Amino acid sequence: MQCERCGERPATVHMTRIMNNKKEQIHLCAQCAREQGELNFEPFSVQSLLAGLLGSGFVYPAFEQKPKPESQPICQNCGTSFADFTHTGRLGCAQCYETFREALNPLLRRIHGSVYHTGKVPRCLGRQVHTRRGLAELQEQLQRFIEREEYEQAAVIRDKIRELKRELSGGDDSEHQKDFA
Amino acid sequence: MSIKRILLDIPRWMQGEAEESDIVLSSRVRLARNMVDLPFPHLMTAAQAETFLQRMAEAVQYVNQDDLISQHGPMVLYRVADITNLERQALVEKHLISPQLATGGQNRGLVISEDEVLSVMINEEDHLRIQCLFAGLQLEAAWQLASSLDDALENRLEFAFQEQEGYLTACPTNVGTGLRASVMMHIPALVMTKQAERILSALGKVGLVVRGIYGEGTQALGNVIQVSNQVTLGQVEGEIVANLTAAVKQIVAQEQLAREALMTNNRIQMADRIGRAFGILGNSHVISSEEAVRLLSDVRLGIDLGFITGLPASVFDQLLVQTRPGYLQVLAGQELDALERDVRRAQLLQSKLRSGDNMPS
Ligand SMILES: [Zn+2]
Ligand SMILES: [Zn+2]
């Protein structure tokens, strides 16, 4: 067996490390084993981070109900259960995100500090999504104007909202041609 | 171009001079994308994975007609199954594929452009990992180009996307933008002056991840680190890239200050250290990859500080790859045992470094 660290010399030192309640075998050569002692940086693994988050209770803040794996639905598309996910750290298909959304949201907030994507949108969906994002923003503005009793501005915003809503319901994307086709 | 030629080739991007390239070796942007109509790779059947590979082969033909993408030379799809184990190891050493693509799963593939700037891993943890790799600090350009390839592929493939979660990925740590931006940096002066840990641990607090490149994440062998973003959801891609760029510029500034301090206070010791490293690399007959990486770091610093002339700085980046075990064996065209590798490594270093002049002052 070759050393896992340098891949150069035969592994002569075999260690068991316990990380996030998971046992891990490490096989190193003598030189690498010595140098492991002088760690400069914490080893980082996304999988172990995730396993740690899922394994411990603190993923879910006290005011939120921690979802019980057995009470979660099973993805109708790929058969993945929430328990499968907590074991592997991986979802099975695109539909899993809808199936487990409720249970995933606290986890996403923990990892990313957010549950809403604000970045790039596939071009075929682009316009609709941008319109809806704009709509959400306008609705927040409207709320603020109403709270401050600034009804004139509120009326302007309300008109804009109406316009965007009309676009969303009746608007077609036909003029949004793909550049390549 | 055969995969072996790609392996042995020194890509153009590695040979030029780019912004901040004395400290930032390379910038990489990777986008995770999945198909809407297929289970994620770990649940795909062999037949589904095979069908998807074929769909990608068609998509690649199409993408090659794109004006922007074709500037990087035609992209070619390789099946990982057709690549020997040694060549896979060398591809990992060149940072063109992940260890996961090299070892796991079925019907995996690699698409790579002629100039090696653009590549796509197929059926790794996600169906697609689109990558763009540039020299120096060029994250924004790398993001723009990766995004263009994403656009071109999107004309042929329907990606899994939800308005709320964004691009959907097998692991929720990548969901949203699916974007992982990273830079490789050479920070010898920060390590020598014992500031590296303090500065790098501060990066963790702003959502960045630091790891060593050589020595499997636990140690920054050769003083080369990789800094990348951890958060992929909730921020716009440009924001992620700009934040990382700003952090990298700060590390660059700190490294430059540390280099100036070393040159002011410890000039003779620096000249000695660099001269010794240069002497060993150019005159050894048996050398391990760890020793080589460590000394190459000193030589690169020697080039940056003007102690060594007549060698381009990029020789360091190239030798970091060329002295790795997999690369040496692909170059030799055969498997080599540890001693044979150490001998060939010494020969390679001699031939590459003898042409330079060491001018300790
Ligand atoms: Zn070792
Ligand atoms: Zn599913």
Here the residues within the range B:271-287 that are buried (at least 22 other Cβ atoms within 10 Å of the Cβ) and among the β-branched types (V, I, T) are B:I274, B:I287
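The rows are residues; the columns are (1) surrounded by 21 or more Cβ atoms within 10 Å (Cβ to Cβ); (2) away from chain A (no Cβ under 12 Å).
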{"position": "B:A146", "(1), (2)": "yes, no"}
{"position": "B:F161", "(1), (2)": "yes, no"}
{"position": "B:L168", "(1), (2)": "yes, no"}
{"position": "B:P188", "(1), (2)": "yes, yes"}
{"position": "B:G207", "(1), (2)": "no, no"}
{"position": "B:L233", "(1), (2)": "yes, no"}
{"position": "B:K249", "(1), (2)": "no, yes"}
{"position": "B:A253", "(1), (2)": "no, yes"}
Self-check item: Yes/no for B:V299 being more than 30 Å from B:E340 (Cβ to Cβ) and β-branched (V, I, T)
Solution: no
Checking B:S297, B:S228 in turn, the sole residue that is among the polar types (S, T, N, Q) and out of contact with any Gly (no Cβ under 8 Å at 6 or more places or on another chain) turns out to be B:S228
Test for B:L295: is it of a type outside the set (G, A, S), in a helix (DSSP H, G or I) and open to solvent by 10 Å² or more (accessible area, probe 1.4 Å) | yes
Residue hits (the range A:99-114; at the interface with chain B (Cβ under 7 Å from one of its Cβ atoms) and either open to solvent by 10 Å² or more (accessible area, probe 1.4 Å) or within 16 Å of ligand 1 (Cβ to nearest atom) (or both)) are A:I111, A:H112, A:G113, A:S114
Yes or no: the range A:153-161 includes at least one residue that is at pLDDT 85 or above, acidic (D, E) and open to solvent by 100 Å² or more (accessible area, probe 1.4 Å).
no
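Okay, residues lined up against (1) open to solvent by less than 40 Å² (accessible area, probe 1.4 Å); (2) over 19 Å from the mean Cα position of the chain (by Cα):
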| site | (1), (2) |
| --- | --- |
| B:D67 | no, yes |
| B:G73 | yes, yes |
| B:Y78 | yes, yes |
| B:N85 | no, yes |
| B:A90 | yes, no |
| B:E93 | yes, no |
| B:L96 | yes, no |
| B:N107 | no, yes |
Inside the range A:116-134, the number of residues satisfying the requirement of being part of a helix (DSSP H, G or I) and open to solvent by 20 Å² or more (accessible area, probe 1.4 Å) is 9
Within the range B:315-352, the count of residues that are open to solvent by less than 30 Å² (accessible area, probe 1.4 Å) and either closer than 15 Å to B:K4 by Cβ or polar (S, T, N, Q) (or both) comes to 10
Reported set for the range B:30-53 where residues are assigned to a helix (DSSP H, G or I) and surrounded by 13 or more Cβ atoms within 10 Å (Cβ to Cβ) is B:P41, B:H42, B:L43, B:Q48, B:A49, B:E50, B:T51, B:F52, B:L53
Residues of the range B:301-327 being over 16 Å from B:L281 (Cα atoms) and aliphatic (A, V, I, L, M), in sequence order, are B:L305
Quick check on B:A258: is it touching a Ser or Thr at 6+ places or on another chain (Cβ under 9 Å) and open to solvent by less than 20 Å² (accessible area, probe 1.4 Å)?
yes
Would it be correct to say that B:L328 is more than 14 Å from every other protein chain (Cβ to nearest Cβ), away from ligand 2 (no atom under 16 Å from the Cβ), part of a helix (DSSP H, G or I) and not aromatic (F, W, Y)? no
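The values are calculated or read from the model by the stated rules, or taken from the named source; none is laboratory data. This one's a predicted model, so the numbers in the text were calculated from it and none came from an experiment. Positions of Cβ are backbone-derived with ideal geometry, glycine not excepted, and every protein chain shown enters the neighbour counts. Only protein heavy atoms, including side chains, enter the accessible area calculation; ligands, DNA and RNA are left aside. Shrake-Rupley method; radii C 1.70, N 1.55, O 1.52, S 1.80 Å.
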